[in-house]
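Below is one structure; the comments refer to it alone.
The values are calculated or read from the model by the stated rules, or taken from the named source; none is laboratory data. Computed from a predicted structure; not experimentally measured. Positions of Cβ are backbone-derived with ideal geometry, glycine not excepted, and every protein chain shown enters the neighbour counts. We work out accessible area using only protein heavy atoms, side chains counted, and drop any ligands, DNA or RNA first. Shrake-Rupley method; radii C 1.70, N 1.55, O 1.52, S 1.80 Å.
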Amino acid sequence: TFVPTRATKIIEVNDSKIEIQLEKCNPLRVNKAILCCGAFSSGIVRKSYFTDKVNINAFYGVGTGGLITSEHKHIRLPELMGIKRTVNRGGECGHHFVPCDSSIYFGASNFFSKYPVKEVQASSLLELLRGVEAFWGADVIQKLSVKTLTGFRSITDDAIPMIGPIDEKVFLLYGTARDGFTWAPFYSKLASSWSAGKLDKNNQWIDLCSP
């Protein structure tokens, strides 16, 4: 069942039940829950019954990207066959360009914040546009428009993902930074094994990442 609202905290009802408090709906009473809310997970942990068991914070890894578009019928987008990517830039990924239906995605920059920054930082956008200009040339870019995008990639204090059970009722899964989608099949296998009561207690990954 999909509930279109945010979770705010998890309350322990008894040894076998927990209650998930929701922002705009009645609470959910369940036997088990997987907390997988990205950068918003830490806020839920701080209000939940197990907060004393978690001493690692998660920050908002604020990613900035954009869409190159053309608002003029006589000006076409640059041709792009497949995904193009430059080499990494220190702690950030390289510039990458992805063709879409009527635009070209470009990205991405990254910085850490304690708060969910919603607007694009001017310095991040400037760096990205320099990369776009270097890739296609100033004469092409001057004729096109840009729509900016911002998203969050959760990262912990020590950059190690928070993955593992708090107890028999709650499993934490966040802080995966920019590698969450890449590792999703493996992470989901760990979470589903725990949910089914089949998680190997000697799993080396859980030993490293468990809260």
Restricted to the stretch 148-172 and to residues being β-branched (Val, Ile, Thr) and under 15 Å from ILE206 (Cβ atoms), the residue surrounded by the most Cβ atoms within 10 Å (Cβ to Cβ) is ILE163
So LYS24, is it over 24 Å from SER193 (Cβ atoms), over 19 Å from the mean Cα position of the chain (by Cα) and modelled with pLDDT under 95
yes
Of ALA191, ALA196, ALA184, the only residue that is open to solvent by less than 70 Å² (accessible area, probe 1.4 Å) and in contact with a strand residue (DSSP E or B) (Cβ under 6 Å, 6 or more places away or on another chain) is ALA191
SER145 passes all but one of the listed conditions (1) polar (S, T, N, Q); (2) surrounded by fewer than 18 Cβ atoms within 10 Å (Cβ to Cβ); (3) out of contact with any Asp or Glu (no Cβ under 9 Å at 6 or more places or on another chain); (4) modelled with pLDDT of 90 or more; the exception is number (3)
PHE112 vs (1) in contact (Cβ under 8 Å) with a residue 60 or more places away in the chain; (2) hydrophobic (A, V, I, L, M, F, W, C); (3) open to solvent by 50 Å² or more (accessible area, probe 1.4 Å): all pass except (1)
(Q) For the structure I just gave you, tell me whether ILE56 is of a type in the set (Val, Ile, Thr) and either modelled with pLDDT of 90 or more or outside any loop (DSSP other than H, G, I, E, B) (or both). (A) no
The correct count of residues that are assigned to a strand (DSSP E or B) and closer than 20 Å to GLU168 by Cα in the stretch 9-48 is 14
Regarding the stretch 32-50, can at least one residue be identified that is hydroxyl-bearing (Ser, Thr, Tyr), in contact with an Asp or Glu (Cβ under 7 Å, 6 or more places away or on another chain), open to solvent by less than 40 Å² (accessible area, probe 1.4 Å) and free of Cβ contacts under 8 Å to residues at least 60 places away in the same chain? no
